[in-house]
Amino acid sequence: MPETTNIFEVMSTMRAMRRLKSDPVPDELINKILHAAQWAPSGGNTQRWRFLVVKDPEIKKKVQVYYKRLYDETVGPRYASSAPPPGSDPARYQRQHVAVKYLTDHYHEAPVWIVACLEDGDDPDRTAGSSIYPAVQNMLLAARALGLGTTLTTRHTGYGKEVDAIFGLPSGAHSYAILPIGWPMGRFGPLGRGPLKDVVYQDQWGKPYHGL
Ligand SMILES: Cc1cc2nc3c(=O)[nH]c(=O)nc-3n(C[C@H](O)[C@H](O)[C@H](O)COP(=O)(O)O)c2cc1C
């Protein structure tokens, strides 16, 4: 079922959807995703987030050029030479790589992007992202609940200055994630994750947790 409001079903089927149709997405649905973003927590409830809804094909294309450059420079070679992550296997990882390449080539064709930004000053510290990524996750979940496909992407930050200039960000504001949103070509489905017991400890690092 593409749409669902069961939060556990939403989370457990929220795959990165990298193949998207170019059909338009109604503003009404984008607005629901934006409301979900604003329900997220931020440190001290400061809400220094700003969200750009990007539909202009020229702006998206300009950013895609940097996104593709980063694929060619680092992401593509890394996929080609790295081992599958936990819960995956060579064939599945190869399919992931193909999907990553597909999104790279078609990034700008997603009908709507939401760019998650933060007014975090000139020299953000390592906690800065913690006040924007909860909003990003809420948007991913809301899109999934509505049957819309998207993927959390941060690759553009490799050319962050250049991309922020394309979006017209003032100094002291930075983009943290771009969500390309559209109707998915594929289906939502099970996720590839390693065994939970391998990543949960009890009391101290490395000691097994027996509650599972
Ligand atoms: C911090 C972060 C940055 C990511 N950046 C990108 C990206 O730039 N491009 C992309 O295709 N996927 C990106 N992803 C998506 C991950 O590759 C994806 O969530 C992961 O492979 C798990 O996929 P699954 O949820 O479909 O199992 C990013 C995910 C996270 C959490």
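The table for this structure:
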| quantity | calculated |
| --- | --- |
| Pick from region 38-53, criterion more than 16 Å from the ligand (Cβ to nearest atom) and open to solvent by less than 60 Å² (accessible area, probe 1.4 Å), ranking: farthest from Met185 (Cα to Cα) | Gly43 |
| Residue within region 102-109 that is farther than 25 Å from Asn31 by Cβ, open to solvent by less than 10 Å² (accessible area, probe 1.4 Å) and out of contact with any Ser or Thr (no Cβ under 9 Å at 6 or more places or on another chain) present | yes |
| Residues (in a loop (DSSP other than H, G, I, E, B) and either of a type in the set (A, V, I, L, M) or under 18 Å from Glu3 (Cβ atoms) (or both)) located in region 106-158 | Ala110, Ile132, Leu146, Gly147, Leu148, Thr150, Leu152 |
| Within region 8-36, considering residues that are outside any loop (DSSP other than H, G, I, E, B) and within 16 Å of the ligand (Cβ to nearest atom), the one most open to solvent (accessible area, probe 1.4 Å) | Phe8 |
| Selection within region 175-212 - within 16 Å of the ligand (Cβ to nearest atom), surrounded by fewer than 17 Cβ atoms within 10 Å (Cβ to Cβ) and assigned to a loop (DSSP other than H, G, I, E, B) | Met185, Gly186, Arg187, Gly189, Pro190, Leu191, Gly192, Arg193, Gly194, Pro195, Val199 |
| Residue check for Gln47: of a type in the set (S, T, N, Q) and in a helix (DSSP H, G or I) | no |
| Search result, residues across region 159-171 that are part of a helix (DSSP H, G or I) and small (Gly, Ala, Ser) | Gly160, Ala165 |
| Options Gly172, Gly160, Gly149; residue that is within 13 Å of the ligand (Cβ to nearest atom) and without any contact (Cβ under 8 Å) to a residue 60 or more places away in the chain | Gly160 |
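The values are calculated or read from the model by the stated rules, or taken from the named source; none is laboratory data. The shown structure was predicted, so the numbers you read here are calculated from the model rather than taken from an experiment. Here Cβ is always computed from backbone atoms with ideal geometry, including for glycine, and neighbour counts include all displayed protein chains. Side chains included, ligands, DNA and RNA excluded: accessible areas come from the protein's heavy atoms. Shrake-Rupley method; radii C 1.70, N 1.55, O 1.52, S 1.80 Å.
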